[in-house]
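This report concerns only the one structure given below.
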Amino acid sequence: MAEFHYTGVNSDGEEVRGAISATTAEGARSRIRELGVEPREILPGDGRQLSSSDATDLAVAISNAIQADVPLAAGLRAAAAESPSRRLSKVCRRLANELNQGYPLDEAIARLRPDIPDHIAGLVQAAARTQNVSTVLDELVGLRVAQRSRWTHVFIATAYPIFVLLFGLCLFIGFTIFVVAPFKQLFEDWSISLPLVTKTLIWWHDIGAWILAAIVLLVIAFVGFAPMIAGPARFRRMLAGLPVIGPIFHWAGIAEMLRLLSLLIDAGITLPEALRLSASGVSDAFVREVCTSYGARAENGVSLTRLVVEDRAVPITIAPLLHWGELNDRLPEALQVAAESLEERLDARAELLQGVFPPFVFIIVATLTVFGVLALLLPMAAMLRGIY
């Protein structure tokens, strides 16, 4: 069954809004009428929030309409007509309908809160109090663009060395399984006494290569299925614990959280609420859990510095910066500096990984190649000496 959002009028003439499950739009219309409501508009919805990309595009549409000084509802309908995302188009049209019915922007977004990510709604509601919606949304869009670039950089920094390693392993496995086979048969047919290095290579052909191939396949399967089995948050926590590569992903997620948190607090949102809203805006599932946990404890008066020191999910090295920010009432600035420091560490680790790992893999592949060639040539040389 699908979910449908509706707007209608009840028997008292009051406007009613809600969501209902049905197999078709006509089925939804019938069920709504059974509730004593005459539907005016029915829009399908999948029960999911806008994706990060769609939410950013929504912020761009709102900001552009405000800056162009055109009616916001008209700007949103134009954005809906141009958007390639069906879901974003539906949300834009629904938001335009709310605005046309006289609701201010912050209230209209609040009425669509299940579909619009909490951090977008919270930012708009906070910015509306200071009539600064366009500026705040521009900052959010800039943050999102920078974060996309950062995650692309992280992916390239980690994917290339992993690809080089997998390519080297596949070459070695293919060599030991397919190339060594005819030589092994030749050695057996001629009953040649084999040196230790050749016996080792034949062991890799018979057993070792298959074990290595099984390990590679298990690792790939683990990476593919672990998020579904263990859950996204636990998987990202395990990923963060990996040596060398793990901290790159974790620091990128924490930096994203810190920058979004800075923007929310700077917009006038309290720390506990900003932490909860940040959970809807970060892409790392483990960091989302951290935001939610921190928000609950901050509600009880625990400072952000203390949360970082006691929990250790966030690198403790940024604690002095946060402490300075809280003491001097400049927490948004401190969060930005902390994010920059993590990003610098991330860049340094990524450059080291890209600079050192591929040559290291090349040396290993070259060593294994020499090992394989010698292992095959030594018995051949002994056989030739026996002939002549």
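The values are calculated or read from the model by the stated rules, or taken from the named source; none is laboratory data. These figures come from a predicted structure and were not determined experimentally. In this analysis, Cβ positions are derived from the backbone assuming ideal geometry, glycine residues included, and neighbour counts consider all displayed protein chains.
Numbers for the structure displayed
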| read-out | value |
| --- | --- |
| Residue list for region 151-179, restricted to those being crowded, with 18+ Cβ neighbours inside 10 Å and either free of Cβ contacts under 8 Å to residues at least 12 places away in the same chain or more than 17 Å from ALA366 (Cα to Cα) (or both) | VAL154, ALA157, THR158 |
| Which numbered condition TRP251 misses (of (1) buried (at least 23 other Cβ atoms within 10 Å of the Cβ); (2) at pLDDT below 90; (3) assigned to a helix (DSSP H, G or I)) | (2) |
| Residue within region 319-339 that is touching a His at 6+ places or on another chain (Cβ under 8 Å) and of a type outside the set (A, V, I, L, M, F, W, C) present | no |
| Filter result (in contact (Cβ under 8 Å) with a residue 24 or more places away in the chain, over 26 Å from the mean Cα position of the chain (by Cα) and more than 15 Å from LEU99 (Cβ to Cβ)) within region 57-86 | GLN67 |
| Any hit, region 301-313, residues being surrounded by fewer than 18 Cβ atoms within 10 Å (Cβ to Cβ) and touching an Asp or Glu at 6+ places or on another chain (Cβ under 7 Å) | yes |
| All helices (runs of 4 or more DSSP H) inside region 267-367 with 1 or more residues being over 26 Å from ASN132 (Cα atoms) | 285-298, 304-311, 319-327 |
| Test: residue in region 33-44 that is assigned to a helix (DSSP H, G or I) and either touching a Ser or Thr at 6+ places or on another chain (Cβ under 9 Å) or not acidic (Asp, Glu) (or both) | yes |
